[in-house]
Structures are given as C-alpha cells and as structure tokens.
Protein chains: 2
Amino acid sequence: MKAQSDNLVEAALETLKASTLRVTEPRRALLRLLAEAEKPLSCEEIRARSEGEFDLVTVYRNMEVFREQNIVQTILLESGKQLFELTVEGDHHHHIICRSCHRTLRLELCFGGELERYASSRGFKQLEHKIEVFGLCETCSED
Amino acid sequence: MKAQSDNLVEAALETLKASTLRVTEPRRALLRLLAEAEKPLSCEEIRARSEGEFDLVTVYRNMEVFREQNIVQTILLESGKQLFELTVEGDHHHHIICRSCHRTLRLELCFGGELERYASSRGFKQLEHKIEVFGLCETCSED
DNA sequence: ATTATTAATGCAATTTACTTTCAATAAAAA
DNA sequence: TTTTTATTGAAAGTAAATTGCATTAATAAT
C-alpha cells in the first residue's frame, strides 16, 4: 500500500508548512519511515532503521515536533520508554503490548468518550487519554 | 482513618512474610507513608516525606519489591516518570492527571473486563491494563 | 540465647533515555 | 541573490532509575 503511506507523508508535510515549520530531508525521511513501519517505534529504532543517516537528537527533536502537530502519537511502555506511530485520521486505537518482546497489537476498543466526559465534568480541559494493555504474547508465554 | 491505614500496612507485611522477604524498618516506614498518602507519589517524593531516613535507592528497590507483590500499583506520567500508590483490595481505579501540576484525581471508570477479554482472545496472558486521562485541572487552565 | 545464614541497606558509580547548548548549515522569505 | 530564521549535528549535561559491593540487620538453625 505504497500510495497510502505516500499520502500520509504528504499530509504531514502540509501540516508542517501550515505552521512556520520547514520541510527538510530528515523530516521527509522520518515521516516515510514511520508511514511504512509495521509497529510503533522508539527513537533508537527509528534511527537504526534510517541507517545512521542523521543524528539521534534529530529524531528526538522531530518526534517532539510531530507530536505537537498531532502527526504522531506516543505510546508509553511500562518502563516509561516512548514509542511513536503515525496518526491516521479516523483510525484512533490503542495497543496491547508484550512485556517481553514488545510485540504490539492494535486494540480495537476505546472508551475515550466516557473517559473524557468524566474528566471534563471534574473541570479538566485539553484532555487526552491513554489505554494500554500489557501482557505476554503467545510466543513469549511459552516457557 | 488511622485504623484503616494500619490494616493496610499489616496486610502488606503479611504478604512480605509469606515470601522470603523480610520485615525491615525501611519497609514499615515506606508502607506507613504510602498508606497515609493522599495521592500517588514518586520515589523522590516518598524519600522527601521520610525526611532522609533512608537512601533513595532503598525506596526504588522497595517499590519494585512491593510492585512484584502487588502491594503497590504504578502510574506513568506522560514524561515516563513513575508514581506509586498502595493497592487496596476491591478498590481498583485509574487516574485523571493534571499535566501541569500533577494533581491526581481518582477515575471511577474502568473497562478492565472488556480490555482483558479482548487481549486474551488474541493469545495474551498475565494481563494488566492501564487507563490514564491527562489534561489541565481547573486551576492550571486559568491562564 | 547464640551463632550462622542470607536478605536488605547505603554509598558510589553507572546506565538509559532524553535534553540543552551552540556553532554550522540549509530552507524559505525578501 | 541576499537575508533571515529554522534546523541540524556534535558534545556536554540532566534526571530517573539501576548495579556492584562491602556492611548491617533479620530470620533460621543450633
């Protein structure tokens, strides 16, 4: 699904242009890489996949930029380590994460409506919710 | 509710004894402190509240022990920093957390059943779920 | 009770994940 | 084409958590 991921990259670049943010080679490459990823990636993994084309700090900084623009979403592992995946409009989901191998499955359940309604009734604004299920995947629980 | 927190401490000490774990002064003190806390605490905060009675590494190590014994539960802030709170049987809940001041409210909603059923149908075992709502509390959104 | 065993502690050093600083470079605006 | 300003890379710095190791204390054995 090449065209699909190209579209995601293009849309993200448009988002950048709409702010005062610049379209650079690292950003193009990072977006392409994220668009083609089969699972959420850490900054280290992203850098590894780019074969050292640019510095790790460039990955960190751009993930932060992308997050601010809602181009990527973050997932927190139990260790507190962050993973990143492209935001796809109309494809809100969460994850089931294997504690051992970090295999990640989409969790096609979400209670965002209820959760945010509850929080806003308590005076909270600018809400975001996180739902994560941690466990051992089939392979990792075989021992 | 002094008696209540005493009971929690006693129950936790029993859990320790049931393994080969020892009942030490730091552990008593840490459990008491957690039982009396009005909100989830970080290791640094726990140490601060104990007025330097013992080393920070002792706090970290014991929180890990307590977590393994399900004596405490952890909460992950967006930064990846960990907070700890005593597990109270029959009082499963999640949190709404202010991004700015870290004020924490109990979130009296949980979809653990659905979430874990979904994950176990995908072959995952030893499940745990996390639900967190982040936002700005009334005070912090006033500017 | 006393001694032996083994777990827990404190301190220092280390690691991991991430952030900041700053000079050099490149993108976009003039 | 020049100027402006955002972005980058390299190195140093930071915060949270972890590890190694000698000392101390809790429990088990005698």
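The values are calculated or read from the model by the stated rules, or taken from the named source; none is laboratory data. Just so it is clear, the structure is predicted and the values come from calculations on it, not from any experiment. FYI the Cβ positions are ideal-geometry reconstructions off the backbone, even for glycines, and counts take in every protein chain you see. Note: accessible area is taken over every heavy atom of the protein model, side chains too, but ligands, DNA and RNA are not part of it. Shrake-Rupley method; radii C 1.70, N 1.55, O 1.52, S 1.80 Å.
A few notes on this one:
- Cβ-Cβ under 8 Å pairs, at least 6 apart or on other chains, the range B:87-109 side farther than 16 Å from B:Gly135 by Cα and within 10 Å of chain A (Cβ to nearest Cβ), far side open to solvent by less than 10 Å² (accessible area, probe 1.4 Å) and among the β-branched types (Val, Ile, Thr): B:Leu109/B:Ile131
Each row is one residue, and each column tells you yes or no for (1) modelled with pLDDT under 95; (2) closer than 25 Å to B:His94 by Cα.
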{"site": "B:Met1", "(1), (2)": "yes, yes"}
{"site": "B:Ser5", "(1), (2)": "yes, yes"}
{"site": "B:Ala11", "(1), (2)": "no, yes"}
{"site": "B:Thr15", "(1), (2)": "no, yes"}
{"site": "B:Thr20", "(1), (2)": "yes, no"}
{"site": "B:Val23", "(1), (2)": "no, no"}
{"site": "B:Arg28", "(1), (2)": "no, no"}
{"site": "B:Arg32", "(1), (2)": "no, yes"}
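- As a summary of the residue check, A:Phe84 satisfies the conditions (1) touching a strand residue (DSSP E or B) at 6+ places or on another chain (Cβ under 7 Å); (2) within 10 Å of DNA strand D (Cβ to nearest atom); (3) of a type in the set (Phe, Trp, Tyr) except for the one numbered (2).
- Exactly one residue among A:Leu8, A:Leu33 is without any contact (Cβ under 8 Å) to a residue 40 or more places away in the chain, buried (at least 18 other Cβ atoms within 10 Å of the Cβ) and in a helix (DSSP H, G or I), and that residue is A:Leu33.
- Filtered residue count, the range B:79-95, keeping only those that are surrounded by 15 or more Cβ atoms within 10 Å (Cβ to Cβ) and within 13 Å of DNA strand C (Cβ to nearest atom): 1
- Within this structure, B:Gly52 fails the test of being within 15 Å of DNA strand D (Cβ to nearest atom) and on the phi > 0 side of the Ramachandran plot.
- For the range B:56-66, the count of residues that are open to solvent by 60 Å² or more (accessible area, probe 1.4 Å), within 14 Å of chain A (Cβ to nearest Cβ), modelled with pLDDT of 95 or more and within 11 Å of DNA strand D (Cβ to nearest atom) is at least one.
- Annotation note: Cβ proximity below 6 Å between a residue of the range B:118-143 that is in contact (Cβ under 8 Å) with a residue 24 or more places away in the chain and a residue that is of a type in the set (Ser, Thr, Tyr) and open to solvent by 40 Å² or more (accessible area, probe 1.4 Å) (sequence gap 6+ or interchain) occurs for B:Leu136/B:Ser100; B:Cys140/B:Ser100.
- Subset of the range A:13-25 that is more than 9 Å from DNA strand C (Cβ to nearest atom) and assigned to a helix (DSSP H, G or I) - its residue that is farthest from the other protein chains (Cβ to nearest Cβ): A:Glu14
- Filter result for A:Glu114 (assigned to a helix (DSSP H, G or I) and out of contact with any helix residue (DSSP H, G or I) (no Cβ under 7 Å at 6 or more places or on another chain)): yes
- Test: residue in the range A:57-64 that is within 25 Å of B:Ile131 (Cα to Cα) and not assigned by TED's automatic domain parsing to the domain that holds A:Cys98: yes
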